[in-house]
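A short worksheet on the structure shown next.
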Amino acid sequence: MLSPAPPDTVAAIADPALPVAVALPATATPLSVDAPALSAPGNRTTRYQVRHLTRYRYGDRVSVSHHILHLVPRPHPRQVCDDPQIRIVPAPAARADWCDYFGNPTSYCEIREPHLCLEIESTLQVTVQPPTIDLAATPAWELVRAQTQVPVDDDDLAAAAMVFDSLLVRATPDLCDYARPSFTTDRPIGAAVMDLTRRIFRDFRFDATATSVSTPLAEVLNHRRGVCQDFAHLGIGCLRALGLPARYVSGYLRTLPPQGRPRLIGADASHAWFAAWCGPAAGWIDFDPTNDRTADANYISIAWGRDYDDVSPVRGVILGGAWHELTVAVDVEPLDELPPPDETADEIRDEVPAADVAPVP
Amino acid sequence: MAAADPSSQPSLFGDVDSFGYGGGAIYDEMVTGHGSLRPHWQSFMRALGPTEPELMGERWEEARRLLRQNGVTYNIYGDPQGMERPWPLDLVPLLIPSHEWKAIEAGLIQRATLLNMILGDLYGPQTLVRSGRVPAALLHADPGFLRSLHGTRPTGGIYLHLYAVDLARASDGRWWVLGDRTQSPSGAGYALENRAVISRVLPEPFRDCRVQRLSPFFVAVRETLARIAPRRDQPRIVLLTPGPYNETYFEHAYLARHLGITLVEGGDLTVRDRAVYLKTLSGLEPVDVILRRLDDNYCDPLELRADSSLGVAGLVQAVRAGTVTVANALGSGIMESASFKPFLPMLCREMLGEELKLPGVKIWWCGSDAERAYVTEHLASLVIKPAFVALGGEPIFGAELAYDDKAALVQRIRHRPFDFVAQERVALSTAPCWQDDKMQPRPLVLRVYLAATADGYIAMPGGLTRMSTAPGRLVVSMQRGGGSKDTWILESRATEGVVAVQPSPGPETRTSDVTPVRGDLPSRVADSLFWLGRYAERADSQVRVLRALHSRLVDGTRPGVQREIVPLVRLARWTGILPWQLDDPTDNPSALRQALQAALFDSSLANSLGGNIQRLRRASAGVRDRLSLDLWRTITQLERLSEAPGPKKRSDSAMLMRLDELVTVLAALVGLEQVSMTRGPGWRFLDLGRRLEGASQLVSILRGTGITQAGSRDEATLEVLLELSDSTMAYRERYFATAQRAAVLDLLLTDDSNPRALSSLLAALAEHLTALPRPPLPPGQEAESPANLALGLVESARQSLRRPALLQDGPALAATLEPLAVSLPEISNLLVNAYFSHAFARPA
């Protein structure tokens, strides 16, 4: 007796609400269910083609929007990026590029035509060299801490600036307690941070449903779950709680498909890890607590800062929009394929000299 | 929007309490320790005459009357009655003799110069940190250091355009700096208003005391604002306020008028092509200078605090591009942090080659080992405060801590030493206050103001004196006569001796003597009024559907009821008022009853009445100052009626009464709009919203009830249509008969004498659209103006009402209504884009 739904059911209520400016949550990392894991050797210089697509779909027309992007790889001694391209649809009415306070290439854009969908796609070709890291040869962590308090040059100063709280990372006594066992007396800082990285890897479960961009660090610590961004923040918080400089690195990780399956385009995710200041000689060393390793040629750095908030890939403020839906697709394709790997991932761990992974007293 | 945000803008009064009043012998401003009147008070007291309660009471009443008349108010956060408290002003001014002021002035100018220079270094080369003269923590641990502003040098290297210092006089008679206000100091406008009132109430003392004038200071501020514009030719200057809920909103409006600049909220501005524009109904107007009353972090949700709804997205980018100057420069709040204070004497020697002239209250920054050790040992005699103003947090009085709390505090300081400072407790001087019919000494803090000019800083000869009404600890109450004081800086006696005494001219200028700024209606206001109209009309239509359904549910036995429920449920599901999955209600009345209650009260549902009334309320909050009190009260009443009642008050009859009441209150709203608003552009947009929504709702009702389906002659549907469109009475007056299709449709669609008929609504739309301003377009494209495009859509809709057989034939009706379901939302979009959000708009 009641007729079926007319196809234009929503037409009657689809009128926009009073548009208010809304800050878009920045890109979530990562959206995959599994931790971005790698199984490729990272010890050879590799050239990549990276495609990173961010798409917002809105429940209602967005009339004007402003965005800040961190999508172009920053200058880095081990990394060269040629001719990065950013495609934005609808086309921005104004755009500006500059380097932010931390030296990361940053873009600003204004979109002024009403739209229901926004696509931002970056395409990059990056060549990454593997680092040479000798964790055992780094100075004792206490020494690094002491030096940080009396900076003598710009590198020291940049490091000293990374000791303090930031919006998303507050160094609490709880974090200090968690970090302590890794920082035994006179232990080389590299070895101590590697140990901390390994403990985070073992103690915490990767769970894409457990946290969001706004989950506080204390909650991550309590529930022992999170995603790479949380683990990076955790490592940073632990180091800062001890008075050691640490920074957040956002980027991409090369992943390999399961044995016998083709590479899936767009199945990768953006990744995040942290870097620890290991004294003037060793400089900053990158650690990935999600994968229990130091970063190698499988890691492409985009930007670094105090935490995620400094370097989120895409953020914005929209006028209108009602609700929105976010999709992110990342594709990291090695262009110069290497011969089949003859080392296993486990062996890579042995960058850490055996003496340094001895059980913590 | 523009909700009160307590974390923004430290309270003008609350912080007086944090200075830790107590201890030490007290210095009184009026009398010496021996009980005799200080020399500079003598002519004042002489001119004042006898301080008899009756005479003073009369003067006080006169002061209150002037304040009321000028609408001087002060809002208190978190207080439901807090909106627009009368401004507390004491009758007796604070007097400062000329020679004393000269010394203070020189110290203030030096301090302003120093802090501005430090800001230039922190946001530029950072040599102070590089050279180790100040610890890195002072910069990097302070949330007030805005990295996104680093490297942006403001016009002329001026970071502090208007700067304030809080002073207190210690028992030794010297003035000490308690704190600096470097981002957007408040109170200068209140000081000016205090002067306007007191100079009228105490004309003789004001004349005889030869008081220095405040107005030249504001002239200088105005000149500075014009001078710092990146674009020199007739710059547009605006004062950016957080909105009417802010504590000192009165002052924002007052200063804007006094300085002759436009008062705007964040929603009035937009960034286009990396430059700031003011959105007006006639288009985008470039903005060159922003005098802001928002704290640093709230100014740009894109690059600063993302959760700020008060700022302007892209403002930092415009600053970076150098197209706009913000006063004070974004990021200058860092100089309010207590952490910097202990370093100022050293920095003054190094940077200016001089000794710091005005001493600061003693502060220990716990980031240094020796100072931390001192602080933890002497906790009981100190006040512990956050080192960085952006951290927030209350001062802690060490003396008041229990043993355990003290240990916990020491632990917190050890863990994050650089986050804490300790400050010695200070003895504040007292000044006479007229209270309880007599002069009583009350502690005071003096806020003084400086402005950057082409020749360096100048100080305002005066200030805002803030008082406690209690003699003991500084708890400031504004319910009584205390609160604030006018501050008189006296002309020098030396001059007096040489030149014949020239009485100062009459009272100082008040705002009403200044020509008000003519400005277009801001887009934000038109936007809010437009949506207020739309939501009100939408709620009205919803209430009628819900009431029609509910009454039939209650009275299920009346003949014809069951047949009438069918088109009603169909409509309600079609328009999203009821969920689509709802069972056939004739079988399951209790499910329908439940769904009706949800549709009424569950504001989480997309199209519930409660949700729409919330949106109505939100739209009206943005324009509250433009709505009459009655109108506002009606909206509050609507909000109350849309809140879910307790389970015991959900009987059928109670619900029906509630729905009747809602219909009545919504009708009262229409009436008040018509009688209490002037027919300016604001009202026009409100009415546009109403008519547009009314037309949309009518089209939905006609389509949703199924009347467009071929051959539908159902009498029940026609009855429902008459009821929903509030036209039953009109119909009966004319026809005295049961509902006939052609007659009902004529009444609803084409009868120009029925104000609710579609033809009437469209005619009103056409009239409004014709009257809208049209922003200039390139020659030859005038027809492309959004108002003309919208008008075209309305005209073709009116044309389609002349379709033959419209009133008889289902398909003909559908052919008219279906295009309307598309073109009416399109008209709305055209208006939104052209007049409110200014999408596509090319900056002039």
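The values are calculated or read from the model by the stated rules, or taken from the named source; none is laboratory data. Every value quoted in this text rests on a predicted model; they were computed, and no experiment measured them. A quick note on method: Cβ atoms are made from the backbone with ideal geometry, for glycine too, and the neighbour counts reach across all protein chains shown.
Points to keep in mind about this one:
Per-residue answers, yes or no, for (1) in contact with a strand residue (DSSP E or B) (Cβ under 7 Å, 6 or more places away or on another chain); (2) closer than 16 Å to A:ASP309 by Cβ; (3) more than 14 Å from chain B (Cβ to nearest Cβ):
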site: A:ALA160; (1), (2), (3): no, no, no
site: A:ASP165; (1), (2), (3): no, yes, no
site: A:ALA179; (1), (2), (3): no, no, no
site: A:PRO188; (1), (2), (3): yes, no, yes
site: A:ILE200; (1), (2), (3): no, no, yes
site: A:ASP207; (1), (2), (3): yes, no, yes
site: A:ALA210; (1), (2), (3): yes, no, yes
site: A:LEU242; (1), (2), (3): no, no, no
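- Selected residue (only one of B:ARG593, B:ARG618 is in contact (Cβ under 8 Å) with a residue 12 or more places away in the chain, within 14 Å of another protein chain (Cβ to nearest Cβ) and not hydroxyl-bearing (Ser, Thr, Tyr)): B:ARG618
- Hits in region B:287-304 (condition: charged (D, E, K, R) and free of Cβ contacts under 8 Å to residues at least 60 places away in the same chain): B:ASP288, B:ASP300
- Evaluating B:MET346 against the criteria (1) part of a loop (DSSP other than H, G, I, E, B); (2) out of contact with any Ser or Thr (no Cβ under 9 Å at 6 or more places or on another chain) leaves one unmet condition, (1).
- Criterion: hydroxyl-bearing (Ser, Thr, Tyr), surrounded by fewer than 21 Cβ atoms within 10 Å (Cβ to Cβ), in contact with a Lys or Arg (Cβ under 9 Å, 6 or more places away or on another chain) and assigned by TED's automatic domain parsing to the domain that holds B:SER700 - qualifying residue of B:SER823, B:SER753, B:SER796, B:SER759: B:SER759
- Matching residues, region B:200-216, being more than 17 Å from B:GLU58 (Cβ to Cβ) and assigned to a helix (DSSP H, G or I): B:ARG207, B:ASP208, B:SER215, B:PRO216
- Of everything in region B:691-736 that is within 48 Å of the chain's Cα centre (by Cα), of a type outside the set (Val, Ile, Thr) and not in a helix (DSSP H, G or I), the residue that is surrounded by the most Cβ atoms within 10 Å (Cβ to Cβ) is B:SER725.
- Tally, over region B:144-194, of residues that are farther than 22 Å from B:MET117 by Cα, part of a strand (DSSP E or B) and among the hydrophobic types (A, V, I, L, M, F, W, C): 2
- Test: residue in region B:109-125 that is under 22 Å from A:GLN149 (Cα atoms), surrounded by fewer than 21 Cβ atoms within 10 Å (Cβ to Cβ) and facing chain A (nearest Cβ under 9 Å): no
- Among the candidates B:GLU354, B:GLU371, B:GLU377, residue that is over 36 Å from the mean Cα position of the chain (by Cα) and within 30 Å of B:GLU223 (Cα to Cα): B:GLU354
- Subset of region B:786-837 (residues that are within 13 Å of B:ALA695 (Cβ to Cβ), among the hydroxyl-bearing types (Ser, Thr, Tyr) and within 14 Å of chain A (Cβ to nearest Cβ)): B:SER823, B:SER828
- Among (1) closer than 19 Å to B:ALA815 by Cα; (2) assigned to a loop (DSSP other than H, G, I, E, B) - the single one B:ASP752 does not satisfy: (1)
- Number of the exception - A:SER122 against (1) under 22 Å from the mean Cα position of the chain (by Cα); (2) within 14 Å of chain B (Cβ to nearest Cβ); (3) within 29 Å of A:GLY320 (Cβ to Cβ); (4) buried (at least 21 other Cβ atoms within 10 Å of the Cβ): (2)
- Qualifying residue in region B:775-791 (condition: outside any helix (DSSP H, G or I) and touching a strand residue (DSSP E or B) at 6+ places or on another chain (Cβ under 9 Å)): yes
- For region B:312-339, a residue qualifies if it is farther than 25 Å from B:GLU223 by Cα and small (Gly, Ala, Ser), and the qualifying residues are B:ALA313, B:GLY314, B:SER337, B:ALA338, B:SER339.
- Every test in (1) farther than 30 Å from B:GLY706 by Cβ; (2) in contact (Cβ under 8 Å) with a residue 60 or more places away in the chain; (3) within 14 Å of chain A (Cβ to nearest Cβ) is passed by B:ALA771 save one, and that test is (3).
- Residue, surrounded by the fewest Cβ atoms within 10 Å (Cβ to Cβ), within region B:126-153, restricted to residues that are away from chain A (no Cβ under 12 Å) and touching a Gly at 6+ places or on another chain (Cβ under 9 Å): B:ARG153
- For region A:255-282, taking the residues that are among the small types (Gly, Ala, Ser), modelled with pLDDT under 75 and in a loop (DSSP other than H, G, I, E, B), the one that is surrounded by the fewest Cβ atoms within 10 Å (Cβ to Cβ) is identified as A:GLY260.
For every residue, the table says whether it meets (1) surrounded by fewer than 24 Cβ atoms within 10 Å (Cβ to Cβ); (2) more than 10 Å from chain A (Cβ to nearest Cβ); (3) in a loop (DSSP other than H, G, I, E, B); (4) charged (D, E, K, R).
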{"site": "B:ASP527", "(1), (2), (3), (4)": "no, no, no, yes"}
{"site": "B:VAL543", "(1), (2), (3), (4)": "no, yes, no, no"}
{"site": "B:GLY556", "(1), (2), (3), (4)": "yes, yes, yes, no"}
{"site": "B:ARG570", "(1), (2), (3), (4)": "yes, no, no, yes"}
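- Among residues of region A:90-104 that are in a loop (DSSP other than H, G, I, E, B), those with a Cβ under 8 angstrom from a residue that is of a type in the set (Ser, Thr, Tyr), sequence gap 6+ or separate chain, pair up as A:ASP100/A:THR106; A:ASP100/B:SER148; A:TYR101/B:SER148.
- Residues (buried (at least 24 other Cβ atoms within 10 Å of the Cβ), among the small types (Gly, Ala, Ser) and away from chain A (no Cβ under 11 Å)) located in region B:315-334: B:ALA327, B:ALA329, B:GLY331, B:SER332, B:GLY333
- Out of B:TRP574, B:TRP580, sole residue that is within 11 Å of another protein chain (Cβ to nearest Cβ) and either crowded, with 16+ Cβ neighbours inside 10 Å or not aromatic (Phe, Trp, Tyr) (or both): B:TRP574
- Unmet criterion (only one of (1) without any contact (Cβ under 8 Å) to a residue 12 or more places away in the chain; (2) closer than 19 Å to B:TYR457 by Cα) for B:ALA229: (1)
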